[in-house]
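For reference, the structure is listed below as structure tokens.
The values are calculated or read from the model by the stated rules, or taken from the named source; none is laboratory data. Fair warning: this is a prediction, and the values are worked out from it, not measured in the lab. Virtual Cβ from ideal backbone geometry, glycine too; neighbours counted across all protein chains shown.
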Amino acid sequence: MRDIIVSLLLLGLLPACYRRPFVGLCVFTWLAFMRVQDLTWGFARGIRWSYYVAILMIAGFFMGKERRGIMFDVRTILMIVLLILCGASVYLSENPDGYQIKRYLEFCKVIGICLLTTAMVTNKERLRVMVWVVALSLGFFGFKSGVWGVLTLGRAPILRGPGGMMADNNDLAMALAMVVPLLFHLGWTERRAGVGASTGADPVRALPFPLPAPKLPSPQPRPIWLSETHLTPT
């Protein structure tokens, strides 16, 4: 039953991933961080959903009207330089094996999606949507693991992560620690009633109290990380 629900949901999102590449980017991010396909036990678990979403998203990006160039600044250039250095280290190693090449190709995919993200996330609203997707996807596992730990009084350790690059429990723990600032940021800046409180209710990574909305002067000052020139107002 779970396989059918996940499959129908993702199949229904595939056309939107082509027509609206940013929707495809959100779905790809959701699959990467929440690993919803690994929450099934049947045929849906073995389907390469991220691969199909990525193909449609990239095709829609290059063939659609929203096509924009990748942002090149110090950060993106450093990512490309890091990719080249890692490739050179693999090539110049004494005994390069298939595992090294496989992991390097995975790293290339990560950098490629990051560069493509700079061309799609062009305003503050889209950036906030991406932050919500990442924070809630990882927050799901924090909440799920926290409830399980409370119900078992801490006697049932988390032996593995959801899958992918977070298959190891240490990698999952690092991801949960890294998402804490995102959850607090969303809880502090969200103005809708009840939404801000929900981001601070995770018993694993945050205290269970509502985060009050800040009283900022009008107009609100834009945070430094949102004041980049490539974020154009809508």
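Total residues in the range 171-220 satisfying the condition of being at pLDDT 55 or above and either assigned by TED's automatic domain parsing to the domain that holds LYS102 or closer than 15 Å to LEU138 by Cβ (or both): the figure is 17. Restricting the search to the range 149-173, which residues are surrounded by fewer than 13 Cβ atoms within 10 Å (Cβ to Cβ) and not basic (Lys, Arg)? The answer is VAL150, LEU151, THR152, LEU153, GLY154, ALA156, PRO157, LEU159, ASP168, ASN170.
Of all the listed residues (LYS102, LYS144, LYS109, LYS124), the sole one being within 20 Å of PHE61 (Cβ to Cβ) and basic (Lys, Arg) is LYS109.
Of all the residues in the range 67-115, those that are in a helix (DSSP H, G or I) and not hydrophobic (A, V, I, L, M, F, W, C) number 14.
Tell me whether the range 13-34 contains one or more residues that are at pLDDT 90 or above, outside any loop (DSSP other than H, G, I, E, B) and either among the charged types (D, E, K, R) or exposed (fewer than 12 other Cβ atoms within 10 Å of the Cβ) (or both). Scanning the range 13-34, I find at least one residue that is at pLDDT 90 or above, outside any loop (DSSP other than H, G, I, E, B) and either among the charged types (D, E, K, R) or exposed (fewer than 12 other Cβ atoms within 10 Å of the Cβ) (or both), so the answer is yes.
Here's a check for you: in the range 116-164, which residue that is outside any helix (DSSP H, G or I) and among the basic types (Lys, Arg) is nearest to GLY46 (Cα to Cα)? Within the range 116-164, the match that is nearest to GLY46 (Cα to Cα) is ARG160.
Taking every residue in the range 157-168 that is more than 11 Å from PHE33 (Cβ to Cβ) and pairing it with any residue that is hydroxyl-bearing (Ser, Thr, Tyr), at least 6 positions away or on another chain, the pairs with Cβ-Cβ distances below 6 Å are ILE158/SER145.
Comparison of ILE113, ILE80 shows that the only residue that is over 21 Å from VAL36 (Cβ atoms), modelled with pLDDT of 90 or more, among the hydrophobic types (A, V, I, L, M, F, W, C) and not assigned by TED's automatic domain parsing to the domain that holds SER50 is ILE80. Restricting LEU25, LEU14, LEU31 to those that are under 28 Å from ALA173 (Cα atoms) and touching a residue at least 24 places away in the same chain (Cβ under 8 Å) reduces the list to LEU25.
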